[in-house]
Amino acid sequence: MEHDIDLSQYAIRTDLALEAHELVQEQQTAADQLSGVQLEQDDKEPGIKVTRLRVETEEAGRSIGKLPGRYITIEVPKLRDNDTAIEDQVARRFTREFAALLSELGITEDKKALVVGLGNWNVTPDALGPMVVENLLVTRHLFTLAPESVEEGYREVSAISPGVLGITGIETSEIVLGVVQNSKPDFVICIDALASRALHRVNTTIQISDTGIHPGSGIGNKRKALDEKTLGVPVIAIGVPTVVFASTIVNDAITYLLGHFGQSMKESSRAFNKLSVSTLPERKEPYTEEDLPDIESRKTFMGLVGSLPEQEKQQLIHEVLRPLGQDLVVTPKEVDDFMEGISNVIASGLNRALHKTVDEKNSGAYTH
């Protein structure tokens, strides 16, 4: 749809490569598909969808705003339920995916790891990194001080939580670089909370990538990158989206409303003003284009805003809220329970993937 509004300065921010790819795909036709990106989806395991996205060229990376490399996205809608059985299932899948990535990168069992828990431990939705570090099995000091007591099957692992610039007054990259130069790990694992462009991915998604990380980029903070170029060793990033912008909530609410109207029109021949939510079957988010009414019906229900393409609609909402200072960064009220659960999932998965001796049966002994 043609319009005279310049929305480029209100580009939608997301830390997830999968969402960045989706944004570009939404703007392209079938005859103009994005090249240089390989996408593979695996939903064979009930309740878990894994998407492996590989950006193969610099040009493709610029197109979606992500560096060339591998991006693994694990989506588990029921992860919000704080169910121990589900968390155990996700930890097992995370272990397999992370171990497979280590193998692809040529990182063998004797390589030393440094785990960096990024984020502010005073702010719950940003405390993922420090909370994971608390539950990690760290062994570097044992290899140094009592090597005779270390059994076969353990890797040399160290960990730090460097805090944030507002607490320390020091760039995180400077702290991590100093530690890397002195402790000399073979690879670094960075863990951080992320921002998403979709409500249904908040607290349900884990992203693993081999391209490093830009702390705070999803909410507009420009911090120095932690990657192989800056640290001199391979950097694997792990992130979970824990926040969204208020503009995302407004945009998704409009989409859900239109999806409800579209479903209502399909499910009943009664007049629109008599339809009720109670007459509708349970729906799984998110709504797709096929679930929404036709363009003319959207205009009837929501006016011009309802007929805008998804990305333009979200950009327009962002444009309205941002100058007012109302495009807040929002997290679910259950974030305390979720952070405790997801930090244990990631810590347990890392302990199993990094130490051959740690498995499903004994991993609980190393987390709390």
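Derivation of every value follows stated rules applied to the coordinates shown; laboratory data play no part. Worth saying up front: this structure is predicted, and the values here are computed from it rather than measured. When we count neighbours, we look across all protein chains shown, and the Cβ atoms used for this are built from the backbone with ideal geometry, even at glycine.
If contacts are Cα pairs under 8 angstrom and at least 6 residues apart, what is the relative contact order of the chain in percent? Provide the component values of the computation, followed by the final result.
On the way: 634 pairs, mean separation 76.4, N = 368.
Averaging sequence separation for qualifying contacts and normalising by length gives 21 percent for the chain.
Antiparallel versus total DSSP beta bridges in the chain: what percent is that, nearest 5?
On the way: 24 of 43 bridges.
Expressed as a percentage, antiparallel bridges in the chain total about 55.
Given H placed 1.01 Å from N in the peptide plane, which residues other than close sequence neighbours of residue 243 have an amide H under 5 Å from its amide H?
194, 196
Contour minus end-to-end for residue 253 and residue 56, with contour as 0.36 nm per residue of separation and end-to-end as the Cα-Cα distance?
My answer for the length gained is 67.4 nm.
Which of the residue pairs 266/299; 44/266; 184/224; 111/356 have a Cα-Cα distance greater than 23 Å in the structure shown? Write out the running numbers ahead of the final one.
Details: 266/299 18 Å; 44/266 30 Å; 184/224 20 Å; 111/356 13 Å.
In this structure, 44/266 exceed 23 Å between Cα atoms.
Ranked highest first by average number of other Cβ atoms within 10 Å, how do 336-344, 238-246, 56-64, 356-364 line up? Don't jump to the answer; show the numbers that get you there.
Values: 336-344: 19.6, 238-246: 24.4, 56-64: 15.4, 356-364: 13.7.
Output ranking for 336-344, 238-246, 56-64, 356-364: 238-246, 336-344, 56-64, 356-364.
Take the alpha carbon gyration tensor of the chain, find the square roots of its eigenvalues, order them as a ≥ b ≥ c, and report rounded if a/c is under 1.5; if not, report prolate when a/b exceeds b/c, else oblate. Walk me through the numbers before you get to the answer.
Numbers: a/c = 2.09, a/b = 1.75, b/c = 1.19.
In terms of gyration-tensor shape, prolate.
How far apart, in nm, are two points set 7 Å out from the Cα along the Cα-to-Cβ line at residue 167 and at residue 123?
Each label point is offset 7 Å from its Cα along the Cβ direction, giving 1.2 nm.
Would you mind checking which residues have amide H under 5 Å from residue 224's amide H? H placed 1.01 Å from N; only 5 or more apart, or other chain.
173
Could you pull out every residue, at least 5 positions away or on a different chain, whose amide H is within less than 5 Å of the one on residue 155? Hs are placed 1.01 Å off N in the peptide plane, and Pro or chain starts have none.
356
Let me know the charge dipole size of the chain about its Cα centre in debye, to the nearest 20, where only the beta-carbon of Lys, Arg (+1) and Asp, Glu (-1) is charged. Can you show the working numbers first?
Details: 37 positive and 56 negative charges, 65 e Å.
In debye, rounded to 20, the chain gives about 320.
Tell me, what is the FRET efficiency for residue 267 and residue 328 to the nearest 0.05, using R0 = 35 angstrom and their Cβ-Cβ distance as r?
Values: r = 35 Å, r/R0 = 1.00.
Using R0 = 35 Å, I get an efficiency of 0.50.
Rounded to the nearest 500, what is the 222 nm mean residue ellipticity of the chain from helices alone, with -39500 (n - 2.57) per DSSP H run of 4+ residues and division by all residues? The partial results should precede the final answer.
Details: 12 runs with 139 residues, N = 368.
It comes out at -11500 deg cm²/dmol, rounded to the nearest 500.
How many nm is it between the label spots at residue 103 and residue 361, if each spot is 7 Å from the Cα in line with the beta carbon?
2.2
Mind jotting down a quarter of the surface of the convex hull over the alpha carbons of region 83-222, in square nanometres, one decimal? Working shown, then result.
Details: hull surface 40.7 nm².
Over all viewing directions, region 83-222 projects a mean Cα-hull area of 10.2 nm².
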